[in-house]
1. Would you please give the residues with an amide H less than 5 Å from that of V131, counting only those at least 5 places away or on a separate chain, with H modeled from the backbone geometry?
2. Count the net charge of all other residues whose Cβ sits under 15 Å from the Cβ of P152, scoring Lys and Arg as +1 and Asp and Glu as -1.
3. Ranked by accessible surface with a 1.4 Å probe, highest first, in what order do T21, T72 come?
4. By the scheme Lys and Arg +1, Asp and Glu -1, what is the net charge of all other residues having a beta-carbon under 12 Å from that of V63?
Amino acid sequence: MKYVILAAAIGAMAALSGCATYQAGSVSRGDQLKRFEPVPGKASIYVCRIPAMLSARGVKTVVYVDNEAIGTLRQNSFVHTVVEPGKHGVLLRHDGMNSGAGGFMPFEAAAGEVRFFWVGVTGKGWGVLTVDNFDTEADARECVAEAEYSVPAPQ
């Protein structure tokens, strides 16, 4: 019976652990991005993951903008990219027990614009991991200011 419980525990740990690789970016680049300076002729896109409740605390999420991975998020981290003005989309793919796509958000960006997207769990921490707009720009800036910068992991 001990072996059955041990095997179940090991299986649960394997299912809960993720395969998405988190790679922190340089502190100096993160500090520069936290100035939120517009990029002339382009749109600056920030995606920030808020602190998570127990249900999604260890889940890592790869963020794609226009089908290009821009980094992996864990709680209290952010990713950044620059895009041409026009129509785009943010897609999440996460690991863990319920791995797969975790949300898609289409958006339109203008030259010189700074856009922010929120990644978190709906239902006050007990729902699904998704992407959305922040309630206010102040909330978005605070999320990024308190978060660690992440970059795509080396292949």
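The values are calculated or read from the model by the stated rules, or taken from the named source; none is laboratory data. Note that this is a predicted model, so its numbers are computed, not measured. Because the Cβ atoms are built from the backbone with ideal geometry, glycine has one as well, and the counts that use them run over all protein chains shown. Accessible surface areas use protein heavy atoms only, side chains included; no ligands, DNA or RNA. Shrake-Rupley method; radii C 1.70, N 1.55, O 1.52, S 1.80 Å.
1. F104
2. Values: positive: R29, K60, R74, R93; negative: D66, E68, E148.
Summing Lys/Arg as +1 and Asp/Glu as -1 gives +1.
3. Values: T21 80, T72 10 Å².
Ranked list, largest accessible area first: T21, T72.
4. Values: positive: R49, K60, R74, R93; negative: D66, E68.
Summing Lys and Arg as +1 and Asp and Glu as -1 gives +2.
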